[in-house]
Amino acid sequence: MASILKFPSLKFLNPNPISPTSASVQVGFRRFSCSAPSSAAVEGDSSIGSVSLGHLTRPDFPILHQEVNGSKLVYLDNAATSQKPTAVLKALQNYYEAYNSNVHRGIHFLSAKATDEYESARRKVAAFINASEPREIIFTRNATEAINLVAYSWGLSNLKPEDEIVLTVAEHHSAIVPWQLVAQKTGAILKFVNLTEDEVPDVEKLKEMISRKTKLLVVHHISNVLASALPIYDIVHWAHAVGAKVLVDACQSVPHMVVDVQRLDADFLVASSHKMCGPTGIGFLYGKSDLLFAMPPFLGGGEMISDVFLDHSTFAEPPSRFEAGTPAIGEAIGLGAAIDYLSAIGMQKIHDYEVDLANYLYESLRSVPGVHVYGPAPSQTVFRAALCSFNVENIHPTDIATFLDQQHGVAIRSGHHCAQPLHRCLGVSASARASLHFYNTKEDVDAFIHALVDTINFFSSFK
């Protein structure tokens, strides 16, 4: 792993003088020079005939209106966490200022108000993903805990030696490690689907891998590295044909598109608040009612009980059965406010805007010499999410991310993105990743490309 460099604060970034013969890069509707950034990086986006969704919503996000290291912040790390609109910040503040209290345990006004708002948030989540009823939504600390809940409650109760769990090599560590631990305890076998030559999980191989031995499929909806989408509806159909269950990691889809759990017919689905404009510290598990009611508790303590005796206890029905102790009340209320905000915009509108933005990012990056973008090329038949993981020939991704931040105020991610097995399949140990949300604009992409070109020029000058 390359060490993280601290670059000097330089306003003139390119060590080589700008020459009229500098290589040029076609980015969308503009031509940029592979040299120091120009004022074109902050020009209005002439490709937008009217005000874009990004321009309309940016005023709602206070954090975006600042300078970082002397440059205007360009935040392109949304696959790691999203920013929060004022409405969410105010909802959190209002809870702590006006009705902070524990839920479900008091008869006084503040407790009743807190309980109403907490349960209202559950109803909002259920409606947002079209769950049949609110009790199918379990609040957890994050999607990781939600997966662990399924692994330790459903997994330990239902898996036995030689049972098979099918995953892809593109899964997040949170979707792999819990099942490794459960497999060690139960004797179940993990089977992994590899990538095609197009750097996407091989769906045909996945279909062939499903058999009567298969008890569970654990798959992402959208890859946090490849930006590819899996056909969840078809996968669920194939799994149910042999009696297997399906757990969907929807962390990269729920914040960006319409997700309908009844239509998908998935047995379990997880997502995180902080990736969908809500607070950190809370996520949720969707589970079909019949499965949740048959599952034993995951954690023991207050709230999840019916009666406690000295020699045994009986347990509450879901969702309380899986929400031991005082929950993240303010965070749940903040998540509810985030859902209100997203719903007011419309998830289909967000998705349509991001598809256009995703294609613009992909084509812009592909036009930069020496850059390899991982995952599928977008087309009329191939969807690509609004993120690009990439590497630049002979430059470590951490050096790229560091220079972009320190010299240009551009925030991207570098590393393995909690997907080491996938990176090994790609033949690399790490990558850089730029990821967008609906409050980003084509101007953000242009600024990123300008900064990246300057970064490449900087490191290339030392060769």
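The values are calculated or read from the model by the stated rules, or taken from the named source; none is laboratory data. Predicted model, so just to flag it, every value in this text is computed and none were measured. A quick note on method: Cβ atoms are made from the backbone with ideal geometry, for glycine too, and the neighbour counts reach across all protein chains shown. We work out accessible area using only protein heavy atoms, side chains counted, and drop any ligands, DNA or RNA first. Shrake-Rupley method; radii C 1.70, N 1.55, O 1.52, S 1.80 Å.
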> If amide H atoms are built 1.01 Å from N in the plane of the peptide, which residues on other chains or at least 5 residues away come under 5 Å of the amide H of residue 142?
Replying inline: 283
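Once you list every other residue whose beta carbon is under 12 Å from the beta carbon of residue 152, what net charge do they have if Lys and Arg are +1 and Asp and Glu are -1? Mind showing how you got there, number by number?
Working: positive: 185; negative: 145.
In short, 0.
Could you calculate the FRET efficiency of residue 87 with residue 50 from 1/(1 + (r/R0)^6), where r is the beta carbon distance between them and R0 is 35 Å, rounded to 0.05? Before the final figure, lay out each step's value.
Details: r = 24 Å, r/R0 = 0.68.
Approximately 0.90, to the nearest 0.05.
Give me the accessible area per residue for the chain, probe 1.4 Å, as a whole number in Å².
So the chain comes to 42 Å² accessible per residue, rounded to a whole number.
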> How large is Rg over Rh for the chain, taking Rg from the Cα atoms and Rh as the Kirkwood inverse mean of 1/r across Cα pairs?
Replying inline: 1.00
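Before rounding to the nearest 500, sum -39500 (n - 2.57) across all DSSP H runs of length at least 4 in the chain and divide by the residue total; then give [θ] at 222 nm in deg cm²/dmol. Walk me through the intermediate numbers first.
Working: 14 runs with 161 residues, N = 463.
Computed mean residue ellipticity for the chain: -10500 deg cm²/dmol.
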> Carbon-plus-sulfur fraction of the accessible area of the chain, 1.4 Å probe, in percent?
Replying inline: 53
>> Only bridges whose two residues both fall in the stretch 208-304 count here: according to DSSP, what percent of them are antiparallel, nearest 5?
In response: 45
>> Sort 197, 67 by heavy-atom solvent-accessible area, probe 1.4 angstrom, most to least.
In response: 197, 67
>> Please give the charge dipole size of the stretch 83-225, origin at the Cα centre, charges +1 on K and R Cβ atoms and -1 on D and E Cβ atoms. Round to the nearest 20 debye.
In response: 580
>> Could you give each residue of the stretch 302-313 its phi-based ³J(HN,Hα) in whole Hz, using Karplus coefficients 6.51, -1.76, 1.60 with θ = phi - 60°, and x for Gly or Pro?
In response: x, 6, 8, 9, 9, 9, 10, 10, 5, 9, 6, 9
> Once Lys and Arg get +1 and Asp and Glu get -1 on their Cβ, which of 293, 361, 333 lies farthest toward the positive end of the dipole of the chain?
Replying inline: 361
>> Heavy atoms of the protein only, probe of 1.4 Å, neighbouring chains included. What is the accessible area of residue 208 in Å², nearest 10?
In response: 130
> Using the alpha-carbon atoms, what tilt in degrees (0 to 90, nearest 10) does helix 86-98 show relative to the longest principal axis of the chain?
Replying inline: 40
> From the backbone phi of the stretch 419-428, what are the Karplus-calculated ³J(HN,Hα) couplings (6.51 cos²θ - 1.76 cosθ + 1.60, θ = phi - 60°) in whole Hz, Gly and Pro given as x?
Replying inline: 8, 5, x, 5, 5, 5, 5, 7, x, 9
> Pairing the Cα long axis of helix 347-366 with the longest principal axis of the chain, what angle in degrees results, from 0 to 90 and rounded to the nearest 10?
Replying inline: 40
> Tell me, in nm to one decimal, what length is gained between residue 110 and residue 98 on full extension, where the rule is 0.36 nm per residue of separation less the Cα-Cα distance?
Replying inline: 3.5 nm
> Using modelled backbone amide H atoms (1.01 Å from N, in-plane), which distant-in-sequence or interchain residues come within less than 5 Å of residue 214's amide H?
Replying inline: 164
>> Which order do the peptides 298-311, 223-236 come out in when sorted by mean C-beta neighbours inside 10 angstrom, highest first?
In response: 223-236, 298-311
> Taking Cα atoms, how many degrees apart are the long axis of helix 109-128 and the longest axis of the chain, rounded to 10 and kept between 0 and 90?
Replying inline: 70
>> Residue by residue through the stretch 176-192, what is 3J(HN,Hα) from phi via Karplus (6.51 cos²θ - 1.76 cosθ + 1.60, θ = phi - 60°)? Round to whole Hz and write x for glycine and proline.
In response: 10, 4, x, 7, 5, 5, 5, 5, 5, 7, 9, x, 5, 10, 8, 10, 10
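Run the dipole for the chain about the Cα centre, Lys and Arg Cβ at +1, Asp and Glu Cβ at -1, nothing else charged, and hand back the magnitude in debye, nearest 20.
Details: 36 positive and 46 negative charges, 98 e Å.
Roughly 460 debye, rounded to the nearest 20.
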